[in-house]
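Only one structure is covered here, and it is reproduced in the block below.
The values are calculated or read from the model by the stated rules, or taken from the named source; none is laboratory data. Small disclaimer: the values here were computed from a predicted structure and weren't measured. Virtual Cβ from ideal backbone geometry, glycine too; neighbours counted across all protein chains shown. The area values use the complete protein model at the heavy-atom level, side chains included, leaving out ligands, DNA and RNA. Shrake-Rupley method; radii C 1.70, N 1.55, O 1.52, S 1.80 Å.
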Amino acid sequence: MTESLLQAYTRYFKKCFRPAAILILGLLGVLVIGYIDYITGYQIGFFLFYIIPIAITTWLGGLYPGIIISFASIITWFLADSLAGVTYPNYFIPGWNAAIRLTVFLIITYALWYIRILNRRSKELTEFVANDLYIHLDNISQNLNKLLENENQALSSQQKDIVDAYKISTDMMSALIDSILDISRLENRKIKLILREINLEELLNNALRVVSVFAKNRQIKLEKCFNTQQNIFYTDFHLIRCILINLLNNAIKVSSAGSPVSVVVDSEDDRKIKISVIDRGPGIPKNIIDSFFDRFAQIKARESGLILFGSGLGLTFCKLAVEELGGRIWVESEESKGTAVRVVLPVGNK
Ligand SMILES: Nc1ncnc2c1ncn2[C@@H]1O[C@H](COP(=O)(O)OP(=O)(O)OP(=O)(O)O)[C@@H](O)[C@H]1O
Ligand SMILES: [Mg+2]
């Protein structure tokens, strides 16, 4: 009982902490602008500067902190003008000015808050639809599997081909939805890192095993080079494995039969490792290298002459996952010579 009450308090504190901290920062911003307003004296249009803390507070903290900052701005503006010795010919003028300014501030606050809500709702809807689709596709895929595995079922070879084609399309759609969900979770910081001691060589072998069938089918030789003494690191096994599989799959996809794909691990220092996935494929055209990790980079890649299949979300996932781990990812490439995608990850902090 005591524990759950404590947990509830902690949760409530965490929930309120961010808006409260943003509100305090917003109020400090208003005070700074008020002070400048005071020393500059009567300046028509200076009130526009108050919109900066109002907008930032509303965007980051929500509607109520935004409303509080709007009122605080009006009071500060009024005090700054009065203390600076501004006099009005009529008693009603400052009241009228304050009302107009407050209305403008509140409209801006409400509009920004509404845009933020719409933004969040559309993301939630995408996630909801993707989740639902994933469940149904998984169901279809499992039933197609049963159909293909059932020896007694008299499927003609033509029917088998059709079911096979359905299965491939279903699996591709599942992979696409899986990528959308992973990216959405990373963007909304819903993925919880599971940090533990991992054996990097074991992780590498695991990722290489996953892609080995694909590599064999495409007649690609997989090579690994482990240039680090230390082998035990403290990081998220699953996330690094996903990044590696994505990069290896790309390298295999773009390589022509007979050419090698290598993974090289170097230690930057005892807190950082560098993993490079190197291929001798077609390289990346210079005009798309800057947008290489952008969402649907595949579209641009295709426009530049590369014809490949996939969701075009793998690299976006890799970039977000590497950033979530506090690392850096970049690409080095020379057209028609090959590509090296390099990842530096912090791995030492227990
Ligand atoms: N090593 C590489 N060399 C050359 N082009 C590459 C390389 N890696 C990726 N690309 C290009 O970038 C595009 C986007 O890659 P990304 O991994 O994001 O998507 P995908 O591989 O097409 O789909 P998915 O990874 O979701 O199955 C690829 O389609 C390909 O055209
Ligand atoms: Mg990919």
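Data table
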item	result
Environment charge at N199 (Cβ cut-off 15 Å; Lys +1, Arg +1, Asp -1, Glu -1)	0
Radius of gyration, Dmax [the range 114-224; alpha carbons; angstrom]	19.5, 59
Within the chain, percent of DSSP bridges classed antiparallel, to nearest 5	80
Separation in nanometres of the label points that stand 7 Å from Cα toward Cβ, at Q230 and K286	3.9
Electrostatic dipole magnitude of the range 49-151 [Cβ: Lys, Arg +1; Asp, Glu -1; Cα centre; debye, to 20]	560
Dipole-positive endmost among L79, N90, T103 within the range 2-119 (Cβ charges, Cα centre)	T103
Rounded accessible area of S212 (nearest 10 Å², 1.4 Å probe)	50
Angle in degrees between helix 51-61 and the longest Cα principal axis of the chain, rounded to the nearest 10	50
Debye intensity ratio in log₁₀ form over the Cα atoms of the chain, taken at each q of 0.08, 0.14 Å⁻¹	-0.63, -1.16
FRET efficiency, 1/(1 + (r/R0)^6) with R0 41 Å, evaluated for C16 and K337 via beta carbons	0.15
Positive dipole terminus of the chain, leading residue within G314, N150, P346 (C-beta point charges)	P346
Net length gained if the chain between N145 and K221 were fully extended (0.36 nm per residue, minus Cα distance)	24.4 nm
Tilt relative to the chain, helix 237-254 - C-alpha long axis, 0 to 90 degrees, to 10	60
At q = 0.29 Å⁻¹, base-10 log of I(q)/I(0) for the range 131-187 (Debye sum, equal scatterers on each alpha carbon)	-1.11
Principal-axis tilt of helix 63-83 within the chain, Cα atoms, nearest 10 degrees	30
Estimated FRET transfer efficiency when R0 is 30 angstrom, pair E187-H136 (beta carbons, to 0.05)	0.80
Burial ranking of peptide ranges 326-333, 48-55 (average Cβ count within 10 Å, highest at the top)	48-55, 326-333
Cα-centred dipole magnitude for the range 164-275, charges only on beta-carbon of K, R (+1) and D, E (-1), debye, nearest 20	220
For D37, net neighbour charge (Lys/Arg +1, Asp/Glu -1) across residues whose Cβ lies under 13 Å away	0
Base-10 log of normalised Debye intensity for the range 201-244 (one unit scatterer per alpha-carbon) at q = 0.22, 0.25, 0.33 Å⁻¹	-0.83, -0.98, -1.24
Unit charges on C-beta of K, R, D, E only; dipole of the chain, Debye	220
By average C-beta atoms within 10 angstrom, highest first, the peptides 27-33, 137-143	27-33, 137-143
Cα principal axis extents for the range 89-152, largest first, Å	98, 7, 5
Kirkwood-based shape ratio for the range 195-346, expressed as Rg/Rh from alpha carbons	0.95
